[in-house]
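Read-outs throughout are calculated quantities, based only on the coordinates presented, and are distinct from any laboratory measurement. The structure displayed is predicted, hence computed values, not measured ones. We place every Cβ from the backbone using ideal geometry, glycine too, and count neighbours over all the protein chains shown.
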Amino acid sequence: MPVITKEIEIDTRGNNEILDLTPLVEKGLAAITITDGSVTVFIPGSTAGVTTIEFESGAVKDLKEAFERLIPREMEYEHNRRWGDGNGFSHVRAALCKASLTVPFVGQRLLLGTWQQIVLVDFDNRPRRRRVILQFLGE
Amino acid sequence: MPVITKEIEIDTRGNNEILDLTPLVEKGLAAITITDGSVTVFIPGSTAGVTTIEFESGAVKDLKEAFERLIPREMEYEHNRRWGDGNGFSHVRAALCKASLTVPFVGQRLLLGTWQQIVLVDFDNRPRRRRVILQFLGE
Amino acid sequence: MPVITKEIEIDTRGNNEILDLTPLVEKGLAAITITDGSVTVFIPGSTAGVTTIEFESGAVKDLKEAFERLIPREMEYEHNRRWGDGNGFSHVRAALCKASLTVPFVGQRLLLGTWQQIVLVDFDNRPRRRRVILQFLGE
């Protein structure tokens, strides 16, 4: 069966929290019969993104600080002026990082580098319960 | 039939114009027999990108201003010096934003968040007629 | 749905080197029987990314300088403090650029714009032998 879609839920704290999704993706892959193909990791919502990084605390901190520096929290955002929820920076960071990432796998193994993990970056300004979509396509 | 590719054309004004593509993607999805899979939205051309954002005028304005701030229009660009078309900033912004986005769907419904839209960002410095590729893969 | 995964190796010099992968992707596509679908170009490793750009020396130089400006090499990086390999900036740039790009094709032809190439950006601070995954899905 060539398309399998899973939805998982995770609790996040926001404020650039970076969470390693790799074990969840591997677990999903281990449970299905598609062995070769790709998985699209997709975040429904407009204040989080997905990318890869070496998931060690130094690089993770550096990435958080880069987002803070590039899209500062303390600026005038039109979104804040209109809606008052104070997370204008979250929306801009998420649009830059993007909500989708596609990773190939072969023989039921993700083709990641040895020190490369799939991560969710939660840009919101408050804790959330997040849905994460894992969609496996292949054969 | 597991692969359906559509090409649509839209007129854009450039200068960071952000256009909601979601209705076009939904219309494309409603017209085909693939119910579960993913759609890749791809922009042929090197001065536009595709991402998701909450398509409300505040967040849209904030994203435009972020691109202007990160990759300023008024700088020295080697592309401008060589080609004289003045859109060096457009090329850099587009390479950062990237021309491709993959979004899963199930039961012929895109798995977007409630306030999350698929958008084209046209970074060029002039109006264009843009081609947008929608490619649906699935079953 | 047929899936064909190829791995190619290329030598890179790092320091924002930008390499045109389009001929390699086209060569891969010409050698297989899938005619319609998409190719995911994926870089295993956490110090390189993949995007599209008009591959002319001006725009290429502008993109390199943008990464240098946005994520400066000479800053304090926690990754450097912990691991001493001096490539903290490479990790952050790669996480922003992202390691994956999906490009549709029809009739064995990539649906790129006329002046749009698929490029690898090597953000590391030293030469590398890079693996690049090309995964073709379609029919």
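In region C:58-70, which residue that is more than 7 Å from every other protein chain (Cβ to nearest Cβ) and touching a residue at least 24 places away in the same chain (Cβ under 8 Å) is surrounded by the fewest Cβ atoms within 10 Å (Cβ to Cβ)?
For region C:58-70, the residue satisfying everything is C:68.
Give region B:103-112 a look and list any residue that's part of a loop (DSSP other than H, G, I, E, B), within 19 Å of residue A:48 (Cβ to Cβ) and in contact (Cβ under 8 Å) with a residue 12 or more places away in the chain, or say none.
Of everything in region B:103-112, just one residue is part of a loop (DSSP other than H, G, I, E, B), within 19 Å of residue A:48 (Cβ to Cβ) and in contact (Cβ under 8 Å) with a residue 12 or more places away in the chain, namely B:112.
Being more than 7 Å from every other protein chain (Cβ to nearest Cβ), surrounded by fewer than 24 Cβ atoms within 10 Å (Cβ to Cβ) and basic (Lys, Arg) narrows it down to one residue among B:73, B:81; which is it?
B:73
Going through region C:113-139 one residue at a time, which ones are more than 30 Å from residue A:3 (Cα to Cα) and either in contact (Cβ under 8 Å) with a residue 40 or more places away in the chain or among the acidic types (Asp, Glu) (or both)?
Passing the criteria: C:115, C:116, C:121, C:122, C:123, C:124, C:125, C:126, C:127, C:128, C:129, C:130.
Condition first: away from chain B (no Cβ under 14 Å) and free of Cβ contacts under 8 Å to residues at least 40 places away in the same chain. Now tell me which residues in region A:1-32 satisfy that.
Hits for region A:1-32 are A:23, A:27, A:31.
Is it the case, given these coordinates, that residue A:66 is closer than 26 Å to residue C:48 by Cβ and not hydroxyl-bearing (Ser, Thr, Tyr)?
Judged against the criteria, residue A:66 is a match.
Filter region A:84-113 for residues that are over 18 Å from the mean Cα position of the chain (by Cα) and surrounded by fewer than 20 Cβ atoms within 10 Å (Cβ to Cβ) and give the result.
Within region A:84-113, A:84, A:85, A:86, A:106, A:107, A:108, A:109 qualify.
Yes or no: residue B:36 crowded, with 21+ Cβ neighbours inside 10 Å and within 30 Å of residue A:7 (Cβ to Cβ)?
no
When you go through (1) of a type outside the set (Lys, Arg); (2) in contact with a Ser or Thr (Cβ under 7 Å, 6 or more places away or on another chain); (3) more than 8 Å from chain C (Cβ to nearest Cβ) one by one for residue B:40, which number turns out not to apply?
The one condition residue B:40 does not meet is (3).
If you go through region C:92-101 one residue at a time, do you hit one that is within 16 Å of residue B:96 (Cα to Cα) and touching a Pro at 6+ places or on another chain (Cβ under 8 Å)?
There is at least one residue in region C:92-101 that is within 16 Å of residue B:96 (Cα to Cα) and touching a Pro at 6+ places or on another chain (Cβ under 8 Å).
With respect to the numbered conditions (1) crowded, with 24+ Cβ neighbours inside 10 Å; (2) within 12 Å of chain B (Cβ to nearest Cβ); (3) within 15 Å of the chain's Cα centre (by Cα), which one is the sole condition not fulfilled by residue A:122?
Of the numbered conditions (1) crowded, with 24+ Cβ neighbours inside 10 Å; (2) within 12 Å of chain B (Cβ to nearest Cβ); (3) within 15 Å of the chain's Cα centre (by Cα), the odd one out for residue A:122 is (2).
Considering only residues that are free of Cβ contacts under 8 Å to residues at least 24 places away in the same chain and within 21 Å of residue C:94 (Cβ to Cβ), which ones fall in region A:71-99?
Once the filter is applied, which keeps residues that are free of Cβ contacts under 8 Å to residues at least 24 places away in the same chain and within 21 Å of residue C:94 (Cβ to Cβ), region A:71-99 yields only A:92.
Take region A:38-83 and flag every residue that is under 19 Å from residue C:42 (Cα atoms) and in contact with a Phe, Trp or Tyr (Cβ under 6 Å, 6 or more places away or on another chain).
A:39, A:54
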